[in-house]
Amino acid sequence: MRRLTKKKTLTLVKELDAFPKVPESYVESTASGGTVSLIAFTFMAILAFLEFFVYRNTWMKYEYEVDKDFSSKLRLNVDITVAMRCQYIGADVLDLAETMVASDGLKYEPVNFELLPEQRLWHLTLLHMQERLKVEHSLQDVLFKSAMKEVPPSQSRSEDTPNSLTACRIHGHLFVNKVAGNFHITVGKSIPHPRGHAHLAALVSHDSFNFSHRIDHLSFGEAIPGLINPLDGTEKVTTEPNHMFQYFITIVPTKLNTYKVSAETHQYSVTERERVINHASGSHGVSGIFMKYDISSLMVKVTEQHMPLWQFLVRLCGIVGGIFSTTGSDIPLHSHLGQLFWGNPKAFPGQT
Ligand SMILES: *[C@@H]1O[C@H](CO)[C@@H](O)[C@H](O)[C@H]1NC(C)=O
């Protein structure tokens, strides 16, 4: 009685088998079947290979969040050359929190306004890159990934006597509060004043003003490789002595996380305005270079990502399974390949 139930269960299980069985004749190895298998196998290998490249590829993910860090100081990095002698001009920062920010971090260096040939070449490359960046935003992703370092040729312009150097390179960094402010370069050294500050400019004649300038570098925060700042390379030449250049800068805190670098820095966007100061024709103002900056309260997080391994494996399985099912699911691949490669024992006399 017990034996019978056992047998019954066995047949029941056998009948439950939902997978159709292939008749023996189909499983026979044939050369044409082998060719199909070989093609399928090659195809699979190609797809798997391509899939691997997709897996290796990375992309940038942009996220936005509110910047909650208001206490820290912001580093302002500058490198500007103005076509005026150093003793005539002064640079400083006014911000909303303090009336004046100490600008001791800046160095004044007499230089020539004209660049040496190799410096000019670098400058043109930079301008070209800026041009491309405006058209093609995805270029920034590539730059982020490559972590390209800006290595401008040395800034020493010539060994002329200081007297013949009529331009001034102002470079260095300042720490400013994380509030809106105004960095400017005007005539005269600034002196602190109870209600703001004044530029002492009595000794310079208006006709000798020349606010033609070149911004080699202007950035906020930590300098990170691969980030080209929008103002880098800007060159403005004017033939009017009284000229006002204004840059309105919006700073966006940026957290960069790529496989090469991870840094907290700031990007910015800028709009420019310039005009000739002519009090007679109603265009009032102070000649100089003014950079008004404001800080965005939104922070951008840029993260480099790639496909997780499990996803890659799932896709790989999809390829293998998909090709098997389209070329005929019951082909036992190894036997066909075996037929093709080792079917003729005479080809390998030593092996049989
Ligand atoms: C200022 O200097 C630049 C470069 O040396 C020159 O091209 C320009 O004509 C000068 N402008 C004035 C107003 O002197």
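Quick notes on this structure:
- When residues of the stretch 115-129 are limited to those that are free of Cβ contacts under 8 Å to residues at least 40 places away in the same chain and within 16 Å of the ligand (Cβ to nearest atom), the one surrounded by the fewest Cβ atoms within 10 Å (Cβ to Cβ): Arg120
- The stretch 206-235 residues that are without any contact (Cβ under 8 Å) to a residue 40 or more places away in the chain, paired with ones that are within 16 Å of the ligand (Cβ to nearest atom) and of a type in the set (D, E, K, R) (beta carbon under 8 Å, 6 or more apart): Thr234/Arg214
- The numbered conditions (1) out of contact with any helix residue (DSSP H, G or I) (no Cβ under 7 Å at 6 or more places or on another chain); (2) touching a residue at least 24 places away in the same chain (Cβ under 8 Å); (3) of a type outside the set (Phe, Trp, Tyr) are all true for Met60 except (1).
- All told, Thr265 falls short of being surrounded by 15 or more Cβ atoms within 10 Å (Cβ to Cβ), of a type in the set (Ser, Thr, Tyr) and assigned to a loop (DSSP other than H, G, I, E, B).
- Residues located in the stretch 84-135, provided they are within 18 Å of Val187 (Cβ to Cβ), part of a strand (DSSP E or B) and of a type in the set (A, V, I, L, M): Ile89, Ala91, Val93, Leu94, Leu106
- Contact annotation: residue pairs with Cβ atoms under 8 Å, 6 or more positions apart or on different chains, pairing a residue in the stretch 130-144 that is under 17 Å from Gln305 (Cβ atoms) with a partner that is exposed (fewer than 14 other Cβ atoms within 10 Å of the Cβ) and not small (Gly, Ala, Ser), are Asp141/Trp59.
- Scanning the stretch 284-306 for residues that are more than 30 Å from Ser205 (Cβ to Cβ) and crowded, with 16+ Cβ neighbours inside 10 Å yields a total of 7.
- Looking only at the stretch 32-48, and only at residues there that are over 12 Å from Val320 (Cα atoms) and modelled with pLDDT of 85 or more, the one that is surrounded by the most Cβ atoms within 10 Å (Cβ to Cβ): Leu38
- Taken across the stretch 156-165, residues that are modelled with pLDDT of 75 or more and either touching a helix residue (DSSP H, G or I) at 6+ places or on another chain (Cβ under 9 Å) or in the same structural domain as Arg85 (by TED's automatic domain parsing) (or both) do occur, with at least one present.
- Answer residue from the stretch 203-252, given it is aromatic (Phe, Trp, Tyr) and within 15 Å of the ligand (Cβ to nearest atom) and is nearest to Val286 (Cα to Cα) among those: Phe245
- Some residue of the stretch 82-99 being modelled with pLDDT under 85, of a type in the set (Gly, Ala, Ser) and more than 17 Å from His217 (Cα to Cα): yes
- Taking (1) modelled with pLDDT of 70 or more; (2) more than 31 Å from the chain's Cα centre (by Cα); (3) more than 15 Å from Asp79 (Cα to Cα) in turn, Thr125 satisfies each apart from (2).
The values are calculated or read from the model by the stated rules, or taken from the named source; none is laboratory data. Source: prediction; values computed, not measured. Every residue, glycine as well, gets a Cβ built from its backbone with ideal geometry; the counts of neighbours run over all protein chains shown.
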